[in-house]
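The values are calculated or read from the model by the stated rules, or taken from the named source; none is laboratory data. What you see is a predicted model; the values in this text were computed from it and never measured. All Cβ positions, even for glycine, are placed from backbone atoms using ideal geometry, and neighbour counts span all protein chains on display. Side chains are part of the model used for accessible areas, which takes the heavy atoms of the whole protein and leaves out ligands, DNA and RNA. Shrake-Rupley method; radii C 1.70, N 1.55, O 1.52, S 1.80 Å.
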Amino acid sequence: MILQRLWRRIAAPIDPFLFSLLMMLIGFTTVVQLSASPDRIQAQLINTGVALAVMWVVANISPQRLQTLALPLYVVGVLLLVAVALFGQISKGAQRWLDLGIMRIQPSELLKIAMPLMLAWYFQIREGSLAVRDFVVATVLLAIPVGLIAKQPDLGTAILVLSAGLFVIFFAGLSWKLIAPVMLAGAVGVGAIVATEDKICAPDVQWPGLRDYQKHRICTLLDPTSDPLGKGFHTIQSEIAIGSGGVLGKGWRNGTQTQLEFIPERHTDFVFAVISEEFGLIGNIGLLFTFLLVILRGLLIAANGATVFGRLLAGAISLSFFTYAFVNMGMVTGILPVVGVPLPLVSYGGTALVTLCLGLGILMSVARHRTLLQK
């Protein structure tokens, strides 16, 4: 009887379908990491345990409580980003870390959750009286941390924070009349870059607002063979691995590009190339289908949320999974620049895994308290 009550207490905040998908991904991750980086598997399992614990704790917190944390987390996050800009440690040309004496932290990671929390809270308090100025205010709130993160520079995290905020603004009711021109301008800009590659990628051409290495990264994306042993090496080797996997793959731990260590960062950013080589197109489709189910379940939770705050937050978190997956797969397959975004729940690492599971915990919280309110 005691064990039954304990089990019910543990299982109460867990969404069974979402948790089942998560465990499938964790199991698949373990298999992939045993091939890509077997010496790190113990650390990955520890990271997974911590992430699951964080997910369970957050799932027990009501959306109303999360709402009270939105403003403090956002303010603290922005202040820490300012501190990084003033006093942060520089590593490999980037100023992203803050040394607190007993530990180093990367404040930009906090904004992946704090940003959608803040905007969802803002639109909640403005419910019933939304005007154009509210979307302007929301855009400013989003631009501040995104600008500070991009300046570090950390383009990958800036993209993730920007997309999470934009998803909230979109779900809050941003008109397509404003979205369409921006999308059109972006498409024209990308087309112009591709069409004028030879001229704008010349060594003596400076790109305003971007550092030389960022320009080089984009130009290498357009033509990886221009620097086959440098920036283009990552893309070329990952494309070889993906193509050689074929439909069925070469089999677990039989990938030559993986086992001979030609794929750089094969356990983190380029783990999708490992999956493609060893499990082939079938493995990729299975992974994509699982990601799709996670996103659809999250959007269903968002649609049934009890409050504006819950709906906006759940919707943004759900589509953030899409951003993670799209950007990572895009850079591994050579259609996007390499920006250091991990494959969600599959890449090795603790910070991203904890952040993603925290997001899943929020989805479970929104789903659970909707059910409790109905009762």
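Quick notes
- In terms of packing, defined here as the mean over residues of other Cβ atoms within 10 angstrom, the peptides 63-70, 184-191, 338-345, 323-330 line up highest first as 338-345, 323-330, 63-70, 184-191.
- Close amide H partners of W97, meaning residues 5 or more places away or on another chain with modelled amide H under 5 Å apart, are Q89.
- Of the three principal axes defined by the Cα atoms of segment 176-276, the extents in descending order read 47, 39, 22 Å.
- Of the Cα atoms belonging to segment 306-375, the radius of gyration and Dmax stand at 14.9, 50 Å.
- Accessible surface of the chain [probe 1.4 Å, protein heavy atoms]: carbon and sulfur percent: 69
- Relative contact order, percent, the chain [alpha-carbon distance under 8 Å, six or more residues apart]: 25
- Entry comment: accessible area of segment 244-375 is 37 Å² per residue, from protein heavy atoms only and a probe of 1.4 Å.
- In sequence order, calculated HN-Hα J values of segment 10-25 (Karplus, 6.51, -1.76, 1.60; Hz; x Gly/Pro): 5, 7, 3, x, 8, 7, x, 5, 5, 5, 5, 5, 4, 5, 4, 5
- Normalised by 2.2 N^0.38 Å, where N is the number of residues, the C-alpha radius of gyration of segment 124-250 stands at 1.40.
- J(HN,Hα) series, segment 69-84, from Karplus relation 6.51 cos²θ - 1.76 cosθ + 1.60, nearest Hz, glycine and proline x: 8, 4, 5, x, 5, 5, 4, 4, x, 5, 4, 5, 5, 5, 4, 4
- Shown for the chain: lysine pairs separated by 8 or more places, or found on different chains, whose C-alpha atoms are under 18 Å apart, numbering 7.
- Per-residue HN-Hα couplings for segment 163-179 [Karplus 6.51, -1.76, 1.60; θ = phi - 60°; Hz; x = Gly/Pro]: 5, 4, x, 5, 5, 4, 4, 5, 5, 6, x, 4, 6, 5, 5, 8, 6
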